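The values are calculated or read from the model by the stated rules, or taken from the named source; none is laboratory data. As the structure is a prediction and not an experimental result, all values here were calculated from the model. Quick reminder, even Gly has a Cβ in these numbers, built from the backbone with ideal geometry, and neighbours come from all protein chains shown.
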Amino acid sequence: MPAPVFAVPALLGAAALAVLAVRRYRSAFLGPVTLAVAAVTLGATGYWVANPDPSGRSASELLLTAELMVLVALVCRWSSPAWAAAVAPVGVAAGGSLIVPITNDPPTWGWEAVVEIAFWSLAGLVGAASGLYLRGLDRRRAAAVTAAQREQRVQLAADLHDYVAHDVSAMVVQAQAARVLLGERAAEEAPELAAVLDRIEADGTRALSSMQRSIRVLREPDTDTAVREPLPGIADIPALVRRYADAGDGHVRLTMAPDVEAEARDEVGNALYRVVLEALTNVRKHAGVGAEVAVDLAAGAHAVTVTVDNTTTRRPPAAWSGNGLGLIGLRERVESFGGTFAAGPTGDGWRVRAQVPR
């Protein structure tokens, strides 16, 4: 083997490292980057690790064979399907027709060349087959995970339908039955009781509607049957606050900038709605009847901010430590939009604050 050709194994190794480096950032670039590096590699004649001793030929060719196999295997496993299909035959062809001439000085042809070309082509073929096999394993593993996730979603949807929806619908029916038993005359004499029953029925019906939407999404997340009705957003926050106030849980004040709704995307509006909903739910559960609540929404130059402050009429329980699943879920949702979320005690109550880029 001529001395300059000793550079080829080193450069093929560098090409394999380049594949691994590119893999870290974006697998779509594996094919073009690797083909470019391989082209430079096969044409390079530097004097890296040059050794004129002919006894080094077998070791160098063994290293070159291994590196070619690894390089082709990496590309066939991690690049896009189109690039994998292109690189596999190119790797096989390069193994024979390109490497053989440059590893012989002077180039040899005839049966000896045919045998060497077959050997190098086999190395490329083994590399391509290995990469495609591992690619198939990855695809089957991903399909198994997807199937397991779908099974879990279907089971969760069934549980929601069979148990939770059943109990909520029973509550709605009982509220309707109580209103019938109360009668029109009694309702006129006890309007507060009639109003409570109306709110129970309305809240239960709204809960059933939301649950049915969630069940559809869980069952068919990627089909037309999963098309959801518009999710509540900033425009629905006043109605949410009004329902909370009508329930008699406490006094609530809403301050909302005039342009806040126009400045927020739909998904941001839904995230802020959920923040207010969870905050009011926690006030109802932990702050006690008669707590003062202030809900403020403001639109800044780059973000929309919602702040919910409340006083408490009793000592906050241990659950206020912020370890509840509701607050954890809110933090994850807000941060998924690149926002910030904070919840914690104040001097006389509790504050929840979320800021989401608009």
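Given the options Val276, Val268, name the one that is in a helix (DSSP H, G or I), touching a Phe, Trp or Tyr at 6+ places or on another chain (Cβ under 8 Å) and of a type outside the set (Asp, Glu). Full working, then the answer.
Numbers: Val276 fails: touching a Phe, Trp or Tyr at 6+ places or on another chain (Cβ under 8 Å).
Testing whether each residue is in a helix (DSSP H, G or I), touching a Phe, Trp or Tyr at 6+ places or on another chain (Cβ under 8 Å) and of a type outside the set (Asp, Glu) leaves just Val268.
Does the range 162-184 contain any residue that is over 30 Å from Arg219 (Cβ atoms), part of a helix (DSSP H, G or I), more than 33 Å from the chain's Cα centre (by Cα) and modelled with pLDDT under 70? Spell out how you get there, then give the answer.
Here is the first cut: in the range 162-184, the residues over 30 Å from Arg219 (Cβ atoms) are 177-184.
Then keep just the ones that are part of a helix (DSSP H, G or I); that gives 177-184.
Then keep just the ones that are more than 33 Å from the chain's Cα centre (by Cα); that gives 177-184.
This time we only want the ones that are modelled with pLDDT under 70, so: 184.
The answer is yes; a qualifying residue exists.
State all residues of the range 306-332 that are modelled with pLDDT of 85 or more and surrounded by fewer than 19 Cβ atoms within 10 Å (Cβ to Cβ); if no residue qualifies, say none.
Ile328, Gly329, Arg331, Glu332
For the range 230-253, which residues satisfy the criterion of being in contact with a Leu (Cβ under 8 Å, 6 or more places away or on another chain), within 16 Å of Thr305 (Cα to Cα) and without any contact (Cβ under 8 Å) to a residue 60 or more places away in the chain?
Gly233, Pro238, listed by residue number.
Could you check Arg150 against (1) under 21 Å from the mean Cα position of the chain (by Cα); (2) loosely packed, with under 13 Cβ neighbours inside 10 Å and say which number it fails?
All conditions pass for Arg150, except number (2).
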